[in-house]
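The values are calculated or read from the model by the stated rules, or taken from the named source; none is laboratory data. Fair warning: this is a prediction, and the values are worked out from it, not measured in the lab. When we count neighbours, we look across all protein chains shown, and the Cβ atoms used for this are built from the backbone with ideal geometry, even at glycine. SASA here: full protein model, heavy atoms, side chains in, ligands and nucleic acids out. Shrake-Rupley method; radii C 1.70, N 1.55, O 1.52, S 1.80 Å.
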Amino acid sequence: MLNMPATSSFLMPVYTRQPLSFVRGLGAILWDEDGIEYLDAIAGVAVTNIGHAHPEVARALAEQADLLLHTSNMFGIPWQERLSEQLCALSGMQRGFFCNSGAEANETALKLARLHANSLGISQPQVLVMENSFHGRTFATLAATGNPAVHRGFEPLMPGFVRLPYDDIGALQQAAAATPNIVAVLVEPVQGEGGVRPASPAYLQALRRLCDEHNWLFMVDEVQTGMGRTGAWFGYQHSAVLPDVITLAKGLGNGFPIGACLARGKAATLLAPGSHGSTFGGSPLACRVGCAVIEVMQREQLPGRAARLGERLLQGLRAGLHGAPGIVGIRGQGLMVGIELDRACEELVYRALAQERLLISVTRGRTIRLLPPLICSDAQIDDIVRRLTRLLN
Ligand SMILES: Cc1ncc(COP(=O)(O)O)c(C=O)c1O
């Protein structure tokens, strides 16, 4: 139903909502209150990677809810141990800390950078962050974020960040030579909120080299790119580099809130009892769901499928939109695809729903962002292309 009131007076008006509610989902399909069917090409913003109402996620939730929801981190949590071991095996990291969101995962990484500085006797540490980045809405992560709209009204911002142009090796080298007290770098392998911009492998490799040369922590924000989204388990794996710290959330719980900060080497040893924590982080419920998600992804080889489907989506869009008015570029990695237009296009989100029964998002005002679930069929990917082609032509 596309005419219900968009806001409720009992909610803080934080979001611009579409005039529509969904009541049910299955795989890449959603149904609204009137039973009308929609094709989901955003997966709850890169969250429901293995699809809506996945039976194994539902079973993990139900079975664990029947046994034990929460005991606190004062006790051993075998599902947390198991999830951390599995994530470390997939990522090349050595230890994990669990929390409940991407912003908290990045807070943890930034606290590791501070502890690293402290261990080196650096009292005014700087973390390199990028223009156009997004890392979250808490005070530290919004300061790390490279978008003035995210900062507005929350000044003074937390100090200790140096901002550089993204994917620019020269700017990195200049900063390394000119800026004292750098202790870490925080970077997204593909800027998602920033308009779907993949970094070049050479850039991530240059970052790794500089971090080694200067004893900085190489921290990669995989909140959006992680868990298979880009066609590898983690975005940095396309560049054959190994970070010191990575952060995860979104797809890890397929909709159940969970975040993680994983680290290796010195970075994995910096936190000590009492130095960090989370009441809800790493609950038996959240971690059992995370294990179920990984099991499905491994069995169905979903990172590889995302790579193949992403190629199909890009090629389909390039063919279908060839000659369409106002297309500046079509780019992406795996099932993270952006179509940049020469004009603001937020209204397309509503038109895609109303005319094509298709969920899309628009980021940075003029880039259509597609993040379909990794379990989409070939036919569903072709259907996304067909509906978008009609919309944009
Ligand atoms: C790259 C990146 N980092 C961090 C976040 C923040 O995650 P959360 O909203 O779970 O706090 C997001 C959310 O969009 C993100 O895309």
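Residues in the stretch 153-171: is at least one on the phi < 0 side of the Ramachandran plot, touching a residue at least 40 places away in the same chain (Cβ under 8 Å) and touching a Phe, Trp or Tyr at 6+ places or on another chain (Cβ under 8 Å)?
No, every residue in the stretch 153-171 fails to be on the phi < 0 side of the Ramachandran plot, touching a residue at least 40 places away in the same chain (Cβ under 8 Å) and touching a Phe, Trp or Tyr at 6+ places or on another chain (Cβ under 8 Å).
Among the residues in the stretch 178-195, are any more than 22 Å from Ala267 (Cα to Cα), open to solvent by less than 20 Å² (accessible area, probe 1.4 Å) and part of a helix (DSSP H, G or I)?
No, that holds for no residue.
Name the single residue, out of those in the stretch 24-39 being open to solvent by 80 Å² or more (accessible area, probe 1.4 Å) and more than 29 Å from Gln301 (Cα to Cα), that is nearest to the ligand (Cβ to nearest atom).
The residue in question is Glu33.
Report every pair of residues separated by at least 6 positions or lying on different chains whose Cβ atoms are under 6 Å apart, first residue within the stretch 95-124 and touching a residue at least 24 places away in the same chain (Cβ under 8 Å), second surrounded by fewer than 21 Cβ atoms within 10 Å (Cβ to Cβ) and among the basic types (Lys, Arg).
Cβ pairs passing all conditions: Ala103/Arg137.
Quick one: count up the residues across the stretch 128-159 that are within 15 Å of the ligand (Cβ to nearest atom) and charged (D, E, K, R).
Of the residues in that region, 2 qualify.
Filter the stretch 210-219 for residues that are without any contact (Cβ under 8 Å) to a residue 40 or more places away in the chain and open to solvent by less than 10 Å² (accessible area, probe 1.4 Å); which is farthest from the ligand (Cβ to nearest atom)?
Filtering the stretch 210-219 for residues that are without any contact (Cβ under 8 Å) to a residue 40 or more places away in the chain and open to solvent by less than 10 Å² (accessible area, probe 1.4 Å), the one farthest from the ligand (Cβ to nearest atom) comes out as Cys211.
Which one is nearest to the ligand (Cβ to nearest atom), of the residues in the stretch 40-59 that are surrounded by 20 or more Cβ atoms within 10 Å (Cβ to Cβ) and among the hydrophobic types (A, V, I, L, M, F, W, C)?
Looking at the filtered set, the residue picked out is Ala46.
Quick check: anything in the stretch 220-236 assigned to a strand (DSSP E or B) and more than 13 Å from the ligand (Cβ to nearest atom)?
No, the stretch 220-236 has no match at all.
Output the number of residues of the stretch 258-299 satisfying the condition of being within 16 Å of the ligand (Cβ to nearest atom), small (Gly, Ala, Ser) and more than 20 Å from the chain's Cα centre (by Cα).
Selection size over the stretch 258-299: 1.
Would you please name the residue that is most open to solvent (accessible area, probe 1.4 Å), looking only at residues in the stretch 100-140 that are assigned to a helix (DSSP H, G or I) and of a type in the set (Lys, Arg)?
Arg114
Would you be able to say whether some residue in the stretch 190-209 is charged (D, E, K, R), within 16 Å of the ligand (Cβ to nearest atom) and touching a residue at least 60 places away in the same chain (Cβ under 8 Å)?
Within the stretch 190-209, one or more residues are charged (D, E, K, R), within 16 Å of the ligand (Cβ to nearest atom) and touching a residue at least 60 places away in the same chain (Cβ under 8 Å).
Restricting to the stretch 82-99, what's the tally of residues that are surrounded by fewer than 21 Cβ atoms within 10 Å (Cβ to Cβ) and within 16 Å of the ligand (Cβ to nearest atom)?
Going through the stretch 82-99 one residue at a time, the tally reaches 0.
Could you tell me which of the residues Ala60, Ala65 is assigned to a helix (DSSP H, G or I), small (Gly, Ala, Ser) and closer than 30 Å to Leu358 by Cα?
Matching residue, one of Ala60, Ala65: Ala60.
Are any residues in the stretch 145-162 within 25 Å of Arg366 (Cβ to Cβ), buried (at least 17 other Cβ atoms within 10 Å of the Cβ) and out of contact with any Leu (no Cβ under 6 Å at 6 or more places or on another chain), and if so, which ones?
Residues satisfying the conditions are Thr145, Gly146.
For Asn254, indicate whether it is surrounded by fewer than 22 Cβ atoms within 10 Å (Cβ to Cβ) and either among the aliphatic types (A, V, I, L, M) or modelled with pLDDT of 95 or more (or both).
No.
Determine whether the stretch 236-250 contains at least one residue that is among the basic types (Lys, Arg), open to solvent by less than 20 Å² (accessible area, probe 1.4 Å) and modelled with pLDDT of 95 or more.
No.
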